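The values are calculated or read from the model by the stated rules, or taken from the named source; none is laboratory data. The model shown is predicted, which means the values in this text are computed figures rather than measured ones. Neighbour counts run over all protein chains shown; Cβ positions are idealised from the backbone, glycine included.
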Amino acid sequence: MARLQNGSESGLQQPELFVGYNGTADEPSSLLFLHNGLHIDVLIDKTSPIGAQDPAGVKDIILEAALSTIMDCEDSVAAVDGEDKTLVYRNWLGLMNGTLTEQVEKNGKTFTRALNPDRPYTKPDGSGSFTLPGTVRCCLSAMSGI
């Protein structure tokens, strides 16, 4: 239920689309919905610069996208020798299994960029939890020879 500015309450038209949350049931920091097999994560933080301006405290919305990607490095101009191909496939494997990192220098400071971590959620009825991957994952069977 959501409490509106006039004090009344309103529920979801399709409550079955609500699949999880973060925070507490009374004060969630995230509401997760699933529609047509894709997740919609509504992030709530009334103290953030954006959330403080929204009556509901919404600071961001993360939308999952349906993607298909074909990765073919066999005839790639960017990977012409064994050393280049090894680097390409090592990076691709790190992307797929979530371990890819890179040291970056900017304005004289060095830091590590990494993929987003997995995101844990509580089921709507509070009966348990589940986790969504923070990044795209796929089947690595086509890369089993690496």
Checklist entry - Just wondering, is there one or more residues in the range 14-35 that are of a type in the set (Val, Ile, Thr), without any contact (Cβ under 8 Å) to a residue 12 or more places away in the chain and within 23 Å of PRO120 (Cβ to Cβ)? => result yes
Item to check | Residues located in the range 109-146, provided they are modelled with pLDDT of 90 or more, surrounded by fewer than 12 Cβ atoms within 10 Å (Cβ to Cβ) and not in a strand (DSSP E or B) | outcome: ASP125, GLY126, SER127, GLY128
Item to check | Of the criteria (1) out of contact with any strand residue (DSSP E or B) (no Cβ under 8 Å at 6 or more places or on another chain); (2) within 29 Å of THR131 (Cβ to Cβ); (3) of a type outside the set (D, E, K, R), which one GLN5 fails | outcome: (2)
Next on the checklist: Being within 30 Å of ASP41 (Cα to Cα), modelled with pLDDT under 80 and out of contact with any Cys (no Cβ under 9 Å at 6 or more places or on another chain) is the filter here; which residues of the range 67-106 pass it?
Outcome noted: LEU67, SER68, ILE70, MET71
Checklist entry - If you go through the range 40-55 one residue at a time, do you hit one that is more than 30 Å from GLU16 (Cβ to Cβ) and within 19 Å of the chain's Cα centre (by Cα)? => result no
Checklist entry - Somewhere in the range 55-67, is a residue free of Cβ contacts under 8 Å to residues at least 12 places away in the same chain and either farther than 19 Å from THR131 by Cβ or among the β-branched types (Val, Ile, Thr) (or both)? => result no
